[in-house]
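The values are calculated or read from the model by the stated rules, or taken from the named source; none is laboratory data. Being a predicted model, the structure only gives us computed values, none of them experimental. No Cβ is skipped: glycine too gets one built from the backbone with ideal geometry, and neighbour counts run over all protein chains shown. Surface accessibility is based on the protein's heavy atoms, side chains included, excluding ligands, DNA and RNA. Shrake-Rupley method; radii C 1.70, N 1.55, O 1.52, S 1.80 Å.
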Amino acid sequence: MVQDSASLPPATGPTSAGETAAPVSVAVPPSSRWVLPARVAAAVTGGLALFTAFPPLGWWPCAPLGIGLIAASLYGTRPRRAAWLGYLAAAVFLFPTLAWVRSIGDDVWFMLVGIESVFYAAMAALAVFVFRLPAWPVWFGGLWVAMEWARSLVPVGGFPWARAAFSQGQSLFTPYAALGGVPLVSFAVALSGGLAAMAVLTKGRVLRRALPLALALVVPVLGYAVPRYGDEGRYVNVGIVQGNVPGRGMYALGDEPAVVLKNHANETKRLAQAVREGKLPKPDLVVLPENSTDIDPYRDATAREIIQDSVRDVGVPTLVGAVVAIGDENRATRSLVWDPVTGPGAYYDKQNLVPFGEYTPFKDLVLALSTRAQLVGRQSVPGDRPGDLKLGPVTIGAVNCYEVAYDGTVRDTVRAGGTPLVVQTNNASYALSNLPPQQLAMSQLRAVEHNRAVVTAATTGISAYVTPEGKVSWQSRELVAAMNVVKVPVRTRETLATKVGALPEWALMLMGVAAVGVAAWRGRRREDLMRNE
């Protein structure tokens, strides 16, 4: 590939003693004039291709294609240029991928994309160094994993949405999740894309180009070699309730008190009636979504009686989603086990809270600057233990909405004995956006990662049942009341990913970062040798 003219040293003419060397005008070859536009085109096209890999489009092969184009746009340039090319590619990718944030406000959308794109820019600048090494697609893949790890950690708890793996809900790359979790899937996608880019960028004989291209195709196909986990012969019938809500956007719960609670109670009773009429099998347990009651049942006797009446009617333990008061100033987003006889019992409090949605970082400053931040109201406090809850004949693994994107939270819940996984979610503010299908793809990946069925109950959709193999076996439509009873396998065997935890992620990250160090050291050593000569 032709190098940027910016990376070429300035030429100087001959000098006599005591004279300063004067720059000599060098004609730029016509082909080099197109290098920068070609880089920009590759970065933009790569970002768009990566976006199309994510739901609702879900064209998963476009993920390695997009990453390969981004790598090609960076190859052979210098860190400063690579940084802004990486930022450009990220912005083109993230703006449409995170379009659901517009429900909160365009300013928040722009700010989030602007911040997240910085991580891609930093990765791109470092990638320039690893391109100098043999087998650079491997080290590039490690850097990609490190970038996704960093943006999942900071700022304010991180934002792990839109990781490359989350475009692979059900694809040839998905089985890698059972070996090394989400990070290994992202690495495999980035590696495949890097190898494809290497095939295009490599000079010389056709064979030298064919080898990396063949390897790019082999990486996803090797997913078939990952061991599958068979059925264990145990099943449980799970009732899923989606009650719907009256409002939209930031005011999705509406203005009428208890209407969300009544909607879900009525839909629970409708499920009970369908069971009595033989239209649905009798459930062993029922799952309601996050925020299925908009009134605190601990403090409001009427709300408590409405829930008790509907649970008594369905006749089995029910998982209720509630926002409950903690003292006079705080609250918790709670998954609450409700018994048809004894009422509320064990619970799980959401650990990964949504910044500016459930709590306000830098509270005093933000509340002083933004009236919209007042909508958060009481500040949520995080729970401090995993969501293993005894519910009827099984111990379910409760995961609350936003948490499905966090590797450690889901893994800890499975390790604590949670099976099947139950994701309670409230997507009412983002209905009909690209958020619900993206979240469903995360559940598909988690199912394969941990060999667990995943049941999702959403206020407005998408409610769903995902098999341990990652297949969506049933799902609801959005913005309608819905209910169903699904037969769910209870799996207890742990995958390698569950057992080893974050070790593959750390190994991949250290590999990428170490490669940067090696490349930088080799470059400095080469400069020293040239200077001595």
_Sort 430-438, 171-179 by the packing proxy (mean of other Cβ within 10 Å over each peptide's residues), most packed first._
171-179, 430-438
_Estimated [θ] at 222 nm from DSSP helical runs (n ≥ 4, -39500 (n - 2.57)) normalised by residues in the chain, nearest 500_ = -14500 deg cm²/dmol
*Roughly how much of residue 198 is accessible, in Å² to the nearest 10, using a 1.4 Å probe?*
40
*When only Cα pairs under 8 Å and 6 or more residues apart are kept, what is the percent relative contact order across the chain?*
16
*Using only alpha carbon positions, build the gyration tensor of the stretch 109-205, then give the equivalent ellipsoid semi-axes as the square roots of 5 times its eigenvalues, largest first, whole angstrom.*
24, 18, 11
*Counting only C-alpha contacts under 8 Å and six or more residues apart, can you give the relative contact order of the stretch 380-533 as a whole percent?*
17
_Modelled FRET efficiency - R0 22 Å, residue 325 with residue 390, Cβ distances, 0.05 increments_ = 0.35
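Please give the FRET efficiency for residue 520 paired with residue 232, using the beta carbon to beta carbon distance and R0 = 45 Å, rounded to the nearest 0.05.
Result of the calculation: an efficiency of 0.35.
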*For residue 208 and residue 78, calculate 0.36 nm times their separation in residues minus their Cα-Cα distance, and state this gained length in nm to one decimal.*
44.3 nm
_For a protection proxy built on the mean count of beta-carbon atoms within 10 angstrom, sort 328-336, 230-238 highest first, please._
328-336, 230-238
*Taking all pairs of different Cα atoms in the chain, averaging 1/r and flipping that mean, what Kirkwood radius in angstroms comes out?*
24.9
_3J(HN,Hα) from dihedral phi, the stretch 161-172, Karplus parametrisation 6.51/-1.76/1.60, rounded to Hz, x for glycine, proline_ = 5, 6, 6, 3, 4, 6, 8, 10, x, 8, 8, 5
*Peptides 120-129, 384-393: what's the order by average Cβ count within 10 Å, highest mean first?*
120-129, 384-393
*Considering amide H positions built from the backbone, and no H for Pro or chain starts, which residues 5 or more places from residue 229, or on another chain, come under 5 Å of its amide H?*
none
*What are the residues whose amide H is under 5 Å from the amide H of residue 388, where those residues sit 5 or more places off or on another chain and H is modelled from the backbone?*
398
_the stretch 291-336 and the stretch 27-102: distance between their alpha carbon centers, rounded to Å_ = 47
*With all protein chains present, how much of the accessible area of the stretch 383-533 (probe radius 1.4 Å) comes from carbon and sulfur, to the nearest whole percent?*
53
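Rounded to a whole number of µm²/s, how large is the Stokes-Einstein D of the stretch 213-350 at 10 °C and 1.306 mPa s, given Rh as the Kirkwood radius over C-alpha pairs?
Rounded, D is 92 µm²/s.
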*Mean 1/r over all different Cα pairs, inverted: what Kirkwood radius does the stretch 376-500 give, in Å?*
14.7
*asked:* So for the chain, if I pair up every lysine 8 or more residues apart or on another chain, how many of those pairs have alpha-carbons under 16 Å apart?
replied: 5
*Measuring from label point to label point, each 7 Å out along Cα→Cβ, what is the residue 487 to residue 432 span in nm?*
3.7
*Using θ = phi - 60° and the Karplus relation 6.51 cos²θ - 1.76 cosθ + 1.60, list the HN-Hα couplings for the stretch 510-517 in order, rounded to whole Hz, with x at every Gly or Pro.*
5, 4, x, 5, 4, 4, 4, x
*Could you give the accessible area per residue of the chain, probe 1.4 Å, as a whole number in Å²?*
43
